[in-house]
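Laboratory data are not the source of any read-out in this text; all were calculated from the coordinates shown. It should be emphasised that the depicted structure is a prediction, and the values quoted were computed from it without experimental measurement. Cβ sites come from the backbone with ideal geometry, for glycine too, and all protein chains shown count toward neighbours.
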Amino acid sequence: MASDQVKLIGAWASPFVMRPRIALNLKSVPYEFLQETFGSKSELLLKSNPVHKKIPVLLHADKPVCESNIIVEYIDETWSSSGPSILPSHPYDRAMARFWAAYIDEKWFVSLRSIQTAEGEEEKKAVLAQVDEGTAILEKAFIDCSKGKPFFNGDHIGYLDIAFGCFLGWLRVTELAAGHKLLDETKTPSLSKWADRFCDDPAVKPVMPDTAKLAEFAQKIFAKPQP
């Protein structure tokens with residue numbers, strides 16, 4: 001398949017855009033990265049994803065595929081003979097990976113994002129406790145899914161690693177802003193080691209945002225309007 005057929009509409013700071021970028025890197029698929037400007041939406045994006053009008057969108061031979069986890073599955077199936085399999089091979093393991101990916105998006109990340117907008121110390125404490133609880137649940141999920149191997153998917157990065165790992169940049173920014181460790185070697189030792197392995201992987205390193213740059217971006221988007 002010609003490399004010029006693969007394009008990804010996205011933005012460098014989006015964790016959801018990181019997902020297909022990591023998947024494409026794992027499969028060694030060359031692609032063109034079409035950056036969207038924060039606060040505006042290009043005609044190509046609106047035309048390619050008229051339903052949700054959101055990034056990321058994968059364009060393959062000009063056909064759009066939307067929603068980050070769906071794109072990752074599409075990449076895994078389309079380039080099945082290239083690189084490692086992203087989804088687990090066993091149906092039960094695949095079901096568990098999808099279950100935990102949904103939990104991360106619908107529960108854990110919602111709590112993480114709420115830390116940035118929490119009003120007052122009491123609300124911030126309550127939200128941090130929610131995130132800590134969710135992270136402890138994911139520590140157990142890692143132990144169950146990895147079966148003693150380095151990643152959720154076993155010996156190499158897979159679907160659930162990508163689904164959770166894409167948020168590590170934002171997790172670090174949130175830790176700095178809140179003055180509170182969320183991935184802790186004492187409380188979540190397995191996830192703490194996994195995070196280091198994930199970020200050092202050659203498929204991840206080039207697309208993981210710099211923490212300082214991301215923190216600066218976060219200040220802009222979460223800035224409270226002046227009275």
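Listed values, structure above:
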{"item": "Debye intensity ratio in log₁₀ form over the Cα atoms of the range 76-170, taken at each q of 0.24 Å⁻¹", "result": "-1.22"}
{"item": "Tensor-based shape of the range 171-227 (alpha-carbon gyration tensor, a/c under 1.5 rounded, otherwise prolate or oblate)", "result": "oblate"}
{"item": "Alpha-carbon centroids, the range 73-102 and the range 4-50: separation in whole Å", "result": "20 Å"}
{"item": "For the chain, average projected area of the Cα convex hull in nm²", "result": "13.2 nm²"}
{"item": "For peptides 108-116, 33-41, sequence by mean Cβ density within 10 Å, most packed first", "result": "108-116, 33-41"}
{"item": "Axial C-alpha extent at least 27 Å, average Kyte-Doolittle at least -1.0 - helices from the chain (DSSP)", "result": "120-146"}
{"item": "Greater than 22 Å apart at Cα, pairs in Lys41/Lys205; Lys41/Lys63; Lys7/Lys47; Lys27/Lys63; Lys27/Lys205; Lys7/Lys41", "result": "Lys41/Lys205"}
{"item": "Using distinct alpha-carbon pairs, which all enter the 1/r mean, Kirkwood radius of the range 1-104 in Å", "result": "14.2 Å"}
{"item": "Lysines whose Cα lies under 18 Å from that of Lys125, excluding same-chain neighbours fewer than 8 positions away", "result": "Lys107, Lys181, Lys187"}
{"item": "Fraction of alpha-carbon pairs over 13 Å apart in the range 80-128 - percent", "result": "67 percent"}
{"item": "Relative contact order (percent, whole number), the range 62-154, Cα cutoff 8 Å, 6+ residue spacing", "result": "19 percent"}
{"item": "Sequence ranges 53-60, 96-103, ranked by mean other-Cβ count within 10 angstrom, highest first", "result": "53-60, 96-103"}
{"item": "Length-normalised contact order of the chain in % [C-alpha pairs under 8 Å, at least 6 apart]", "result": "20 percent"}
{"item": "Proximal charge balance of Glu36 [Cβ under 12 Å; K/R count +1, D/E count -1]", "result": "+2"}
{"item": "Max mean-square fluctuation residue, GNM over the chain, Cα-Cα springs under 10 Å, options Leu46, Leu160, Leu26", "result": "Leu46"}
{"item": "Leading residue at positive end of dipole, the chain (Cβ point charges), from Ala13, Pro91, Trp194", "result": "Ala13"}
{"item": "Measure of compaction for the range 105-227 (Cα Rg per 2.2 N^0.38 Å)", "result": "1.09"}
{"item": "Charge dipole (debye, nearest 20) of the chain; +1 at Cβ of Lys and Arg, -1 at Cβ of Asp and Glu", "result": "260 debye"}
